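The values are calculated or read from the model by the stated rules, or taken from the named source; none is laboratory data. Being a predicted model, the structure only gives us computed values, none of them experimental. Cβ coordinates were reconstructed from backbone atoms using ideal geometry, including for glycine residues, and neighbour counts include every protein chain displayed.
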């Protein structure tokens, strides 16, 4: 632990040593910008976010760690989406995104991945203080502000009057926002997730490494292949959860036993980890930065885990902050107006990312994505001049896969295409409500839209 003035004191102090904080620390170290990370050394034994999307792979390459990620992971070729009670099934291959993103990703045990990011930041020269950061919040010129207290300044090797740029990478703790009473916008869902790791849970319906997201009779589930085990989770409405049992263990085990799409595959399964609980909701801070501070990763906001955007947003947020601010050189930290403009640009991009992911996730929750899929299959089978119908079906599949991979998620064209398809393509297929994620089970409707 550092407690004396350093010859090259940090100009950036990162509070939190999760994926977002460590990725930013590594990127800053690559630029030669001194930074210090406060790490409280809390290490959960199990974390959500094990299924990664292709958008993270270029960042792994930028950090020089893809080979080490691959060694601890299962290669992920795509994702499949099932609907219970013999509903439709969609198989997305990441081969569809080849050319603008890697045609694969990874399923990775999160504690090991988080530790690798931390190790890499240290290898590149980032400094870590193994303590919880002490913070003091105040109002300055009518704006909320926060700074390190005297003890933490000393631990970071900074002078008592130092004012480094503070980055909140504390995750869902949202340390800065809570300390400054910055409000946040909540999303429309209020679910809860239970998950654990299993052995002998059959996963033979898809290509090796492929994840399965299933719409259940109540809620939805994930199945993620990891080395030697399968991560299985359910996501249900909080009001429905007590119907599954009194404890997290009962709720997960009863859901697996009661849901037809899981029961047969899990009949021989043995749970080999504790059951973890994860409060699943969407949240976005109403303010992303202020004088001398900025929010990063989950501390800025978090997206619903459907489609696995969480870890991508943490790493991409760090990349965006580096690109918007630090690519201009360390001198920007001494130019108040230039720094504010750069942080404004960063905040706008993060808000755009959140809105784009939220819109895309909604297509899966309300069943429209299955409608589009069925309509596309019907269209592709119809004869048309120059095979236009088949070309349109492949075009739509490419854009849906690219959006879910982190490539075209924010693309205006791709988002407009999705709206057009969901409005004008979905004739002679069952109503979207048949495939929607439900808070409680009732028989499907099945009439055509």
Handout entry: Out of 120, 147, sole residue that is buried (at least 19 other Cβ atoms within 10 Å of the Cβ), touching a residue at least 24 places away in the same chain (Cβ under 8 Å) and within 22 Å of residue 26 (Cβ to Cβ)
Key = 120
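Matching residues to (1) at pLDDT below 95; (2) surrounded by 24 or more Cβ atoms within 10 Å (Cβ to Cβ); (3) at positive phi; (4) assigned by TED's automatic domain parsing to the domain that holds residue 123:
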{"position": "22", "(1), (2), (3), (4)": "no, yes, no, yes"}
{"position": "31", "(1), (2), (3), (4)": "no, no, no, yes"}
{"position": "37", "(1), (2), (3), (4)": "no, yes, no, yes"}
{"position": "46", "(1), (2), (3), (4)": "yes, no, no, yes"}
{"position": "49", "(1), (2), (3), (4)": "yes, no, yes, yes"}
{"position": "52", "(1), (2), (3), (4)": "no, yes, no, yes"}
{"position": "66", "(1), (2), (3), (4)": "no, no, no, yes"}
{"position": "77", "(1), (2), (3), (4)": "no, no, no, no"}
{"position": "81", "(1), (2), (3), (4)": "no, yes, no, no"}
Handout entry: Condition check for residue 140: over 22 Å from residue 18 (Cβ atoms) and modelled with pLDDT of 95 or more
Key = no
Exercise for the section: Using the structure shown, decide if residue 257 is closer than 18 Å to residue 88 by Cα and either free of Cβ contacts under 8 Å to residues at least 12 places away in the same chain or out of contact with any strand residue (DSSP E or B) (no Cβ under 7 Å at 6 or more places or on another chain) (or both). Expected result: no
Fill in the blank from the handout: Counting only residues in segment 156-186 that are in a loop (DSSP other than H, G, I, E, B) and within 20 Å of the chain's Cα centre (by Cα), the one surrounded by the fewest Cβ atoms within 10 Å (Cβ to Cβ) is identified as 174
Exercise for the section: Quick one: in segment 261-283, of everything that is in a strand (DSSP E or B) and exposed (fewer than 14 other Cβ atoms within 10 Å of the Cβ), which residue is farthest from the chain's Cα centre (by Cα)? Expected result: 270
Practice task
From (1) part of a strand (DSSP E or B); (2) surrounded by fewer than 15 Cβ atoms within 10 Å (Cβ to Cβ), pick out the condition that doesn't hold for residue 202.
Solution key: (1)
Handout entry: Pick from segment 215-247, criterion closer than 14 Å to residue 258 by Cα and assigned to a loop (DSSP other than H, G, I, E, B), ranking: farthest from the chain's Cα centre (by Cα)
Key = 245
Practice task
Could you please find all residues in segment 320-343 being buried (at least 18 other Cβ atoms within 10 Å of the Cβ) and either under 22 Å from the mean Cα position of the chain (by Cα) or not in a helix (DSSP H, G or I) (or both)?
Solution key: 320, 321, 322, 324, 325, 343
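Each row is one residue, and each column tells you yes or no for (1) out of contact with any strand residue (DSSP E or B) (no Cβ under 9 Å at 6 or more places or on another chain); (2) surrounded by 21 or more Cβ atoms within 10 Å (Cβ to Cβ); (3) farther than 24 Å from residue 214 by Cβ.
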site	(1), (2), (3)
352	yes, no, yes
358	no, no, no
390	yes, no, yes
405	no, yes, no
414	yes, no, yes
422	yes, no, no
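Conditions tested, residue by residue: (1) closer than 30 Å to residue 83 by Cβ; (2) in the same structural domain as residue 431 (by TED's automatic domain parsing); (3) within 20 Å of the chain's Cα centre (by Cα).
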| position | (1), (2), (3) |
| --- | --- |
| 311 | yes, no, yes |
| 345 | no, no, no |
| 370 | yes, yes, no |
| 396 | yes, yes, no |
Exercise for the section: Identify, from the list 130, 100, the residue that is surrounded by fewer than 20 Cβ atoms within 10 Å (Cβ to Cβ), in contact with a helix residue (DSSP H, G or I) (Cβ under 9 Å, 6 or more places away or on another chain), under 29 Å from residue 62 (Cα atoms) and not assigned by TED's automatic domain parsing to the domain that holds residue 276. Expected result: 100
Exercise for the section: Scan segment 85-103 residue by residue and report those that are touching a strand residue (DSSP E or B) at 6+ places or on another chain (Cβ under 6 Å) and not in a helix (DSSP H, G or I). Expected result: 89, 90, 91, 92, 93
